[in-house]
Amino acid sequence: MDTPCGTSSADTEVHAGTLPHDTKLDPNCIFCKIVTGEAPSFKVYETKYSLAFLAKPPVSHGHTLIIPKYHSRTLTDPGLPDEFLADVGPIMKKIAVMNGEDSYNVIQNNGRTAGQSVDHVHFHVVTKPANQPNQGLVLTPQSWPSYPTSDEEYAQDAAKMKEIGRTHGFPGVSA
């Protein structure tokens, strides 16, 4: 069966408001309360595994959060099933299209020092309106600094990452 551009067969099999049987929610988490309808939100997109709603307060018009319908503090917390993240990428793309802006940022923070403010995995799609330069993220060399790195340091970082990936049994780790 062919599906329209930007959709998948999974979109047609999902009903808004459904929860997978294997979901885990925290009754004290504001995002989990949004999933169950106990807290208000402006929902813009929903699948069986994920929910997208407008951020409060936003940093630009259309600033949207995408969350898995499974409570996990960060991406790497044990127990977060991959299927709850599988449709996040396609939803990000749809939200970017729905916002109608050519420029936008996709952000995901893990932990307080990385800027995470709610202890539930979430992804931001933040529009960057061309005619409103102070809305959205304001990235400059000062706010997004880089540092010089030698090829030896790159090689050490890559080797360490691959070792950890193999330890975890990740099948896609490069040779």
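Residue-wise test of (1) open to solvent by 10 Å² or more (accessible area, probe 1.4 Å); (2) of a type in the set (Lys, Arg); (3) at pLDDT 95 or above.
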site: 19; (1), (2), (3): yes, no, no
site: 23; (1), (2), (3): yes, no, no
site: 30; (1), (2), (3): yes, no, yes
site: 37; (1), (2), (3): yes, no, no
site: 42; (1), (2), (3): yes, no, yes
site: 48; (1), (2), (3): yes, yes, no
site: 54; (1), (2), (3): yes, no, yes
site: 59; (1), (2), (3): yes, no, no
site: 62; (1), (2), (3): yes, no, no
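Would you check if residue 164 is open to solvent by less than 100 Å² (accessible area, probe 1.4 Å) and either part of a strand (DSSP E or B) or out of contact with any strand residue (DSSP E or B) (no Cβ under 8 Å at 6 or more places or on another chain) (or both)?
yes
Taking region 81-97 as the region of interest, how many residues are loosely packed, with under 15 Cβ neighbours inside 10 Å and over 17 Å from residue 20 (Cβ atoms)?
Total satisfying the criteria: 3.
In region 97-117, which residues are assigned to a loop (DSSP other than H, G, I, E, B), on the phi < 0 side of the Ramachandran plot and among the small types (Gly, Ala, Ser)?
103, 117
Within region 132-161, track down each residue that is farther than 22 Å from residue 104 by Cβ, at pLDDT 85 or above and in a loop (DSSP other than H, G, I, E, B).
The answer is 148, 149, 150.
Please pick out the residue among 150, 146 that is among the hydroxyl-bearing types (Ser, Thr, Tyr), more than 22 Å from residue 78 (Cα to Cα) and open to solvent by 70 Å² or more (accessible area, probe 1.4 Å).
Going through 150, 146 in turn, just one is among the hydroxyl-bearing types (Ser, Thr, Tyr), more than 22 Å from residue 78 (Cα to Cα) and open to solvent by 70 Å² or more (accessible area, probe 1.4 Å): 146.
Under 8 Å between Cβ atoms, at least 6 apart or on separate chains: pull out the pairs that start in region 118-141 with a residue that is in contact (Cβ under 8 Å) with a residue 40 or more places away in the chain and at positive phi and end on any residue that is among the aromatic types (Phe, Trp, Tyr) and not in a loop (DSSP other than H, G, I, E, B).
Between residues of region 118-141 that are in contact (Cβ under 8 Å) with a residue 40 or more places away in the chain and at positive phi and residues that are among the aromatic types (Phe, Trp, Tyr) and not in a loop (DSSP other than H, G, I, E, B), the close pairs are 136/104.
Check region 68-80 and report whether any residue there is surrounded by fewer than 12 Cβ atoms within 10 Å (Cβ to Cβ), of a type in the set (A, V, I, L, M) and at pLDDT below 95.
No, because not a single residue in region 68-80 is surrounded by fewer than 12 Cβ atoms within 10 Å (Cβ to Cβ), of a type in the set (A, V, I, L, M) and at pLDDT below 95.
The values are calculated or read from the model by the stated rules, or taken from the named source; none is laboratory data. Worth saying up front: this structure is predicted, and the values here are computed from it rather than measured. Glycine also receives a Cβ, built like all others from the backbone with ideal geometry; neighbour counts cover every protein chain displayed. All accessible areas refer to the heavy atoms of the entire protein, side chains included, with ligands and DNA or RNA removed. Shrake-Rupley method; radii C 1.70, N 1.55, O 1.52, S 1.80 Å.
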